[in-house]
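Read-outs: derived from the displayed coordinates by stated rules, not from any lab. From a predicted model like this one, the values you see are computed outputs, not experimental measurements. No Cβ is skipped: glycine too gets one built from the backbone with ideal geometry, and neighbour counts run over all protein chains shown.
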Amino acid sequence: MQEYAQDAMSYVRHYGRPDLFITFTCNPAWDEIEQLLLPGQSHVDRHDIIARVFRQKLKSLMDYIVKHEVFGYVRCWMYSLDWQKRGLPHAHILIWLYDKITSDEIDDVICAEIPRADVDKDLHTVVIKNMIHRPCGIPNPNSPCMVDGKCSKQYPRAFAADTVTGDDGYPLYRRRSTENGGNSATIHMQNGDIDVDNRVVPYSSLLSKTYKAHVNVEYCNSVKSIKYICKYVNKGSDMAVFSVQSENSDRNAARDIDEIAQYQAGRYISSNEAAWRIFSFPMHKRNPAVVHLAVHLENGQRVYFTDSNVQQRALNTPGTTLTAFSTLSQEDAFARTLMY
Ligand SMILES: [Zn+2]
């Protein structure tokens, strides 16, 4: 995971900051999933179907962006998968475009407002279903986004008449108030109807309509701390340190646990991630390739050997990228002009 983040940084060094940061989440209500369920089953019973369908959808989304160039010619891309506690897979995708999106083009690509139902009924339905940040704060203090009494995603957001890009961070997307020509909608919650207007998660109309899922699209060319994004994209699923204790052991005994037991880290994997891994579906993909070059002192490279080949390995040490480069540089004038 850490290497993936470093590889992402080497893209940044060559191509600058990425243009788009897309989070694509599986929608268990997709027809392709529902059609395959047997009578009486719900999607939580069939992690195999969820995994297979999401993999196909993700492939299709990447083709849509990279081969069909819906946002323009793609210079470089990478994605990593991640499962949160609720268990549905989502992919974090970074896209570098050949022609950078300029700040006055952001509104053509990304929207954070409710589309008008009389103009585009389909898009309106998809956005209301998938792109609304559910009420949190005082009406719903137990929402999962609440941290220390505040929404960790900063919803509801302030209204803005126009998209504003700052020196750092994501732009302040256009979110017009209803008095200023914006739209609002009423969503039905368990404890009553709630009016929403500025709680829309930034989306791309094209991707939302095509994939009918939660597809968060952010413009990240203005984000200074790109290292944070490269790390975030490659952070992997949640982890936890845990131990198993007898219910009867008293608290003092529990405090005497030896340090090894305390430091034993465990990880939990959701059923869905397990299904994904059993199918050997990729957790990470990118293009172009990043090759790690070995760096070591003379005769300091790692050599792997077994009982049977120890002699041969000692006499004939396997080369590394570094030894091969120095060998080549001795006879190749062009190689000598390159920096390792
Ligand atoms: Zn919230």
Given R₀ = 22 Å, FRET efficiency for residue 2-residue 60 by Cβ-Cβ distance, to 0.05?
-> 0.15
Is it possible to state the helix-based mean residue ellipticity at 222 nm for the chain, with each DSSP H run of 4+ residues giving -39500 (n - 2.57), the sum divided by total residues, to the nearest 500 deg cm²/dmol? What is it?
-> -8500 deg cm²/dmol
In whole Hz, what ³J(HN,Hα) sequence does the stretch 10-17 give by Karplus (6.51, -1.76, 1.60; θ = phi - 60°), x for Gly and Pro?
-> 6, 5, 4, 5, 7, 10, x, 6
Of 28, 141, 89, the most mobile residue in a GNM of the chain (C-alpha springs, cutoff 10 Å) is 141
Taking the chain as a Gaussian network, where each spring joins two C-alpha atoms under 10 Å apart, which residue of 138, 114, 65 fluctuates the most?
-> 138
Residue 73 to residue 187: extension gain in nm, 0.36 nm per residue of separation minus the Cα-Cα distance?
-> 37.3 nm
Any idea what the alpha-carbon Rg over 2.2 N^0.38 Å comes to for the stretch 41-120?
-> 1.40
Simple label model, 7 Å out from Cα along Cβ direction - residue 152 to residue 172, nm = 2.5 nm
The stretch 8-40 scanned against label point 7 Å out from residue 48 along Cα→C-beta; backbone N under 15 Å for 36-39
Base-10 log of normalised Debye intensity for the chain (one unit scatterer per alpha-carbon) at q = 0.09, 0.14, 0.15 Å⁻¹ = -0.67, -1.26, -1.38
Nearest 10 degrees, 0 to 90: helix 47-66 Cα axis against the chain principal axis = 90 degrees
Residues 54, 21, sorted so that the one with the fewest Cβ neighbours within 10 Å comes first = 21, 54
For the chain, longest principal axis from Cα atoms; helix 321-331 axis from its Cα atoms; angle between them, nearest 10 degrees, is 60 degrees
Within the stretch 126-169, whose backbone N sits under 18 Å from a point 7 Å along Cα→Cβ of residue 179?
-> 157-162
Quote the convex hull volume per residue of the stretch 293-340, based on C-alpha atoms, as a whole number of Å³.
-> 80 Å³
Cα-Cα over 25 Å: which of 100/227; 100/285; 121/235?
-> 121/235
Any idea what angle helix 121-130 forms with the longest principal axis of the chain, computed on alpha-carbon atoms, 0 to 90 degrees, nearest 10?
-> 60 degrees
Tell me, in nm to one decimal, what length is gained between residue 121 and residue 324 on full extension, where the rule is 0.36 nm per residue of separation less the Cα-Cα distance?
-> 67.0 nm
Extension reserve of the residue 292-residue 317 stretch, reckoned as 0.36 nm per residue once the Cα distance is removed = 7.0 nm
Using per-residue counts of other Cβ atoms within 10 Å, averaged over each peptide, order 301-314, 175-188 from highest down.
-> 175-188, 301-314
Using 7 Å Cα-to-Cβ label points, what is the residue 194/residue 36 separation (nm, one decimal)?
-> 3.2 nm
Give me the lysines in straight-line cross-link reach of residue 150: C-alpha distance below 23 Å, same-chain residues under 8 apart excluded.
-> 85
Among 190, 154, 330, which one shows the biggest mean-square fluctuation in a GNM of the chain, springs joining Cα atoms closer than 10 Å?
-> 330
